1. Given the conditions (1) among the β-branched types (Val, Ile, Thr); (2) exposed (fewer than 15 other Cβ atoms within 10 Å of the Cβ); (3) within 13 Å of the chain's Cα centre (by Cα), report the number of the one that Thr50 does not fulfil.
2. Out of Arg10, Arg23, which single residue is charged (D, E, K, R) and over 21 Å from Gly95 (Cβ atoms)?
3. For region 77-91, state whether one or more residues are assigned to a loop (DSSP other than H, G, I, E, B) and touching an Asp or Glu at 6+ places or on another chain (Cβ under 9 Å).
4. Those residues that are in contact with a Phe, Trp or Tyr (Cβ under 9 Å, 6 or more places away or on another chain) and either within 16 Å of Arg37 (Cα to Cα) or of a type in the set (A, V, I, L, M, F, W, C) (or both), I need them from region 76-91; list them, please.
5. Every residue in region 89-119 that is polar (S, T, N, Q), in contact with a Pro (Cβ under 8 Å, 6 or more places away or on another chain) and surrounded by fewer than 17 Cβ atoms within 10 Å (Cβ to Cβ), please.
6. Of the residues in region 67-88, how many are within 12 Å of the chain's Cα centre (by Cα) and surrounded by fewer than 19 Cβ atoms within 10 Å (Cβ to Cβ)?
7. Identify, please: which residue in region 12-32 is at pLDDT below 95 and of a type in the set (A, V, I, L, M, F, W, C) and is, among those, nearest to Thr117 (Cα to Cα)?
8. Provide a single number: the residues in region 43-76 that are in a loop (DSSP other than H, G, I, E, B) and closer than 23 Å to Ala26 by Cβ.
Amino acid sequence: MDMTSFHKLRWAVQENAHRADPRHAAALQAALERSLRASRLFAEVELGRTDDPDQMVIGVCRCADDVAPWEAGVGVERLWGVVALEAKWEAHAVGCTDSLMEFEGAVTIDDSGHYITVHLVAEPAPVAEPAPVAEPAPATAVQDDQAAGSPAVGATIDA
């Protein structure tokens, strides 16, 4: 589902239902965080909660080395399927570029439609900068011992 369609669907649920109890949001946050950490898709995972009805559970992640944002998006989508398995209703959308993965999800937790919303973003792993190439020391016209006043090799010393 594209983000625009997801936002329309989420808005419709929000207009016809109520936010879930903070305990339910905390439980979803904990389950999602455990799944994200165990997946090894991410080197860093930080989740929290807000009062914003569009993103009750929020998260910022950094992809593990050799994991592209699109790969993380595919993985998060699979993890979400497991985390949201017991929900009465679920919808989500994933968007990816070379520099960002964005996931938005929503679930209802009971027959009366109490909902929880999720918004995760993930950045790619930092790219290691190549080590600078060492340049050879410049050749000097005068050897160090000659510069110090020592006689040159092969020079005669007058006594």
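1. Just one mismatch for Thr50, condition (3).
2. Values: Arg10 fails: over 21 Å from Gly95 (Cβ atoms).
From the options Arg10, Arg23, the qualifying one is Arg23.
3. Going residue by residue through region 77-91, those that are assigned to a loop (DSSP other than H, G, I, E, B) are 84-88.
Add one more test, that the residue is touching an Asp or Glu at 6+ places or on another chain (Cβ under 9 Å), and what stays is 84, 88.
Checked against the condition, which is being assigned to a loop (DSSP other than H, G, I, E, B) and touching an Asp or Glu at 6+ places or on another chain (Cβ under 9 Å), region 77-91 yields at least one hit.
4. Listed by number, the residues that qualify are Val76, Glu77, Trp80, Trp89, Ala91.
5. Taking region 89-119 as the starting set, the residues that turn out to be polar (S, T, N, Q) are 97, 99, 108, 112, 117.
Still in the list and also in contact with a Pro (Cβ under 8 Å, 6 or more places away or on another chain): 97, 99, 117.
Listed by number, the residues that qualify are Thr97, Ser99.
6. Here is the first cut: in region 67-88, the ones within 12 Å of the chain's Cα centre (by Cα) are 67-73, 76.
Narrowing further to those that are surrounded by fewer than 19 Cβ atoms within 10 Å (Cβ to Cβ): 68, 70-71.
Selection size over region 67-88: 3.
7. Of everything passing the filter in region 12-32, Val13 is nearest to Thr117 (Cα to Cα).
8. Within region 43-76, the subset in a loop (DSSP other than H, G, I, E, B) is 50-56, 64-68.
Remaining after also requiring closer than 23 Å to Ala26 by Cβ: 50-56.
Selection size over region 43-76: 7.
The values are calculated or read from the model by the stated rules, or taken from the named source; none is laboratory data. Please read all numbers here as calculations on a predicted model, not as lab measurements. Reconstructed Cβ throughout: ideal geometry from the backbone, glycine too, with neighbour counts over all protein chains shown.
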